[in-house]
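The values are calculated or read from the model by the stated rules, or taken from the named source; none is laboratory data. Bear in mind the structure is a predicted one, so any value in this text is a computation, not a measurement. Neighbour counts run over all protein chains shown; Cβ positions are idealised from the backbone, glycine included. When the accessible area is computed, the model is the full protein with side chains, heavy atoms only, and any ligands, DNA or RNA have been set aside. Shrake-Rupley method; radii C 1.70, N 1.55, O 1.52, S 1.80 Å.
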Amino acid sequence: METDPLSAKFAALADPTRRAILARLTEGEASVNQLAEPFDMSLPAVSKHLKVLEKAGLISRGKEAQWRPARLEPMALKSVADWLEHYRRYWDASFNRLDAYLKKIQKGDPENGPRN
């Protein structure tokens with residue numbers, strides 16, 4: 001069963017190891033060995049994480065002799081950011097309404113009862 005690209009990205013981002021790998025790749029491309037350094041896992045396990053990230057389109061892998069550097073594909077995160085933007089606007093509006101309501105209560109607004 002094939003998943004849609006956004007679902008594949010969210011599935012890849014669901015794992016903290018993969019998020020840490022992406023964070024490291026913001027500093028520049030890196031080899032599997034370099035990416036594996038902070039983790040207590042085997043190189044094949046790190047390679048599996050890289051394959052998930054690559055399949056989701058979040059990273060790409062080069063080929064320079066024996067070295068296959070991984071690099072971040074930042075535009076692949078745009079669809080995730082675009083999807084989340086709707087919810088950011090929702091939360092901003094909700095917090096603004098809550099703030100206005102709390103200010104009314106603090107002022108002792110007649111509709112909301114006296115201030116305690």
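Label sites at LYS51 and ALA11, each approximated as a point 7 angstrom past Cα along Cα to Cβ, lie 1.4 nm apart.
Entry for the chain at q = 0.09, 0.11, 0.22, 0.23 Å⁻¹: log10 I(q)/I(0) = -0.42, -0.52, -1.19, -1.24, Debye formula applied to identical alpha-carbon scatterers, no solvent contribution. Out of the total accessible area of the chain (probe 1.4 Å, heavy atoms of protein only), what percent is carbon and sulfur? For the chain, the apolar C and S fraction of the accessible surface comes to 56 percent. Rolling a 1.4 Å probe across the protein heavy atoms gives the chain an accessible surface of 72 Å² per residue. Once the gyration tensor of the Cα atoms in segment 17-73 is diagonalised, the equivalent ellipsoid follows with semi-axes of 15, 13, 11 Å, ordered largest first. When each of the peptides 14-22, 86-94 is scored by the mean number of other C-beta atoms lying within 10 Å of its residues, the order from highest to lowest reads 14-22, 86-94. Amide H to amide H under 5 Å from ILE59: which residues, 5+ apart in sequence or cross-chain, H placed 1.01 Å off N in plane? Correct list: GLU54, GLU73. Close lysine pairs were tallied over the chain: pairs 8 or more places apart or on different chains with Cα atoms under 24 Å apart number 11.
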